[in-house]
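Let me begin by presenting the structure, written as structure tokens, before commenting on it.
The values are calculated or read from the model by the stated rules, or taken from the named source; none is laboratory data. Because the structure is a prediction, the values reported are computed rather than measured. Glycine gets a Cβ as well: all are built from the backbone with ideal geometry, and neighbour counts include every protein chain shown. These area figures cover heavy atoms from the full protein model, side chains too; ligands, DNA and RNA do not enter into them. Shrake-Rupley method; radii C 1.70, N 1.55, O 1.52, S 1.80 Å.
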Amino acid sequence: MLNVQEVRTDFPILSIEAHPGVPLIYLDSAATSQKPSVVVDAMNAFYRSYNSNVHRGIHRLSEDATTGYETARRKVQAFINAESAESIVYTRNTTEAINLVAYSWARTQLQPGDELLITAMEHHANIVPWQLISDMTGATLRHVPFRSDGTLDMAKLPELLSDKTKLFAFTAVSNVFGTINPVRELVDAAHAVGALALVDAAQAVPHMPVDVQAWDCDFMAFSAHKMCGPTGIGILYGKGELLESMPPFMGGGDMIRRVGLDKSTWADLPHKFEAGTPAIAEAIGLGAAVDYLTGLGMENVHAHEQFIVNYAVEALSDVPGLTILGPGASQRAGVAAFTLNGAHPHDIAQLLDEDGIAVRAGHHCAMPLHQICGINATARASFYVHTTTEEVDKLVAGLHRVRRVFRLE
Ligand code: PLP
């Protein structure tokens with residue numbers, strides 16, 4: 001298990017006050033995680049002592065920057081057990097990683113009559129790119145529905161997957177329900193009809209051990225900023241032969257082998273997909289985040305979140321009029337989105353903020369999910385390695401205050 005009090009000292013922001021005299025309680029890690037000192041220090045060290053562009057220089061600083069940038073790639077490779085560092089493509093975030101596959105693979109492969117499959121619980125990042133591609137190619141976009149408990153309706157899979165399906169793109173963990181989906185089962189179902197499988201792991205890689213070879217997925221996308229790393233960098237994992245077969249997503253410097261005025265050839269993987277000066281400090285920060293999480297142990301991270309989310313689901317259930325979306329704690333990652341009869345989620349978030357408690361309110365970039373549930377918005381508390389039961393107790397106390405303010409008692 002994690003020593004949470006010790007972990008908390010790694011995150012300088014946790015000792016600030018949200019308002020004068022009101023300590024911060026950060027329950028918004030699903031939107032973005034806080035950063036431990038080691039990550040901030042690694043990025044500072046880069047800018048202070050070896051800031052330089054990568055790959056193009058033969059001077060010492062450039063070599064050091066290149067080493068930092070490429071070492072981080074190998075750390076990510078080991079973290080998700082990818083077969084090789086060539087399978088790890090730096091992007092800006094999960095969204096860009098999914099768009100890379102959409103534009104480079106799907107746009108060039110799909111035609112009318114083909115089908116793309118997603119689920120009804122996706123984040124917009126795993127919906128909108130496929131809508132754009134379906135408009136461009138004439139392929140049909142279909143979705144797997146979810147049941148009232150926020151789990152996928154697996155019984156519907158056989159009628160949705162067929163030899164027309166070319167790609168099944170789904171989230172490993174819902175950012176609203178918190179549902180942990182059966183990734184390997186879904187990947188196998190896609191492969192059984194000859195489709196590729198793309199996993200949106202934005203809410204999985206930061207929170208549990210992830211092994212892309214065990215999942216056997218063809219593509220996987222995630223963001224550094226949700227896993228203790230900086231904003232501005234994300235990862236696309238892709239199987240080598242697939243990435244090899246795909247045309248570049250963007251053109252420019254660093255992604256070429258030779259450029260002529262009429263025609264150019266491409267650099268080897270993964271550089272073929274990394275046009276222009278990349279996010280170097282951010283890659284180095286991501287490498288430090290991977291080291292940090294590896295040091296904590298992803299089994300421990302997951303166990304702590306399971307413990308906290310169990311505690312939270314039980315404690316929140318005592319608040320009259322409160323409904324938590326999603327499945328029971330055993331199938332749920334560290335997310336609890338809820339409604340409270342008589343109080344709008346935005347008002348809830350604003351009142352909780354007065355108590356120093358940061359939660360998110362709205363549709364969390366999952367409008368279809370909310371529409372299907374018949375609600376416009378939810379309030380969402382999300383947990384991470386530093387969350388304590390005392391913080392959850394304060395959330396519950398804050399919600400009782402919301403009820404008093406709105407005279408719901
Ligand atoms: N997918 C899921 C499940 C998410 O929760 C998020 C962010 O909240 C994203 C994709 C998009 O991540 P980013 O904004 O870092 O691209």
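Each Cα pair under 8 Å and six or more residues apart adds its separation to the average, and for the chain the resulting relative contact order is 22 percent.
Of the peptides 252-263, 385-396, the ranking by mean beta-carbon count within 10 Å, highest at the top, reads 385-396, 252-263.
Rolling a 1.4 Å probe across all protein chains gives D216 an accessible area of roughly 50 Å².
Which of S104, S134, S264 moves most in a GNM of the chain, Cα contacts under 10 Å? Between S104, S134, S264, it is S264 that shows the largest mean-square fluctuation. Using Cβ point charges alone (K and R +1, D and E -1), the dipole size of the chain about the Cα centre works out to roughly 620 debye.
The slack between D254 and D318, meaning 0.36 nm per residue of separation minus the straight C-alpha distance, is 17.4 nm. Relative protection proxy for 304-315, 8-19, 175-186, from highest mean packing down: 175-186, 304-315, 8-19 (other beta-carbon atoms within 10 angstrom). Taking the C-alpha atoms only, the angle from helix 128-137 to the longest principal axis of the chain is near 40 degrees. Going 7 Å from the Cα of T140 toward and past its Cβ, which residues in the range 92-124 have a backbone nitrogen under 13 Å from where you end up? Answer for the range 92-124: 112-117.
When each of the peptides 366-377, 272-283 is scored by how many other beta carbons lie within 10 Å of its residues on average, the order from highest to lowest is 272-283, 366-377.
Axis angle, to the nearest 10 degrees, between helix 345-354 and the longest C-alpha principal axis of the chain: 80 degrees.
Across the range 147-270, C-alpha contacts under 8 Å between residues 6 or more apart give a mean separation that, scaled by the residue count, equals a relative contact order of 16 percent.
Whole Å is fine, so just give me how far the alpha carbon centre of the range 148-164 lies from that of the range 36-114. Here the answer is 34 Å between Cα centres.
Within a straight-line Cα-Cα reach of under 17 Å, K35 can be paired with the following lysines, leaving aside sequence neighbours fewer than 8 residues apart in one chain: K226. Per residue, the average separation of C-alpha pairs within less than 8 Å and at least 6 apart gives the range 273-409 a relative contact order of 25 percent.
Based on the Cβ-Cβ distance from E299 to W266, what FRET efficiency comes out when R0 is 45 Å, to the nearest 0.05? Efficiency, rounded to the nearest 0.05: 0.70. Helix 280-296 and the long axis of the chain differ in direction by around 50°, with both axes built from C-alpha atoms.
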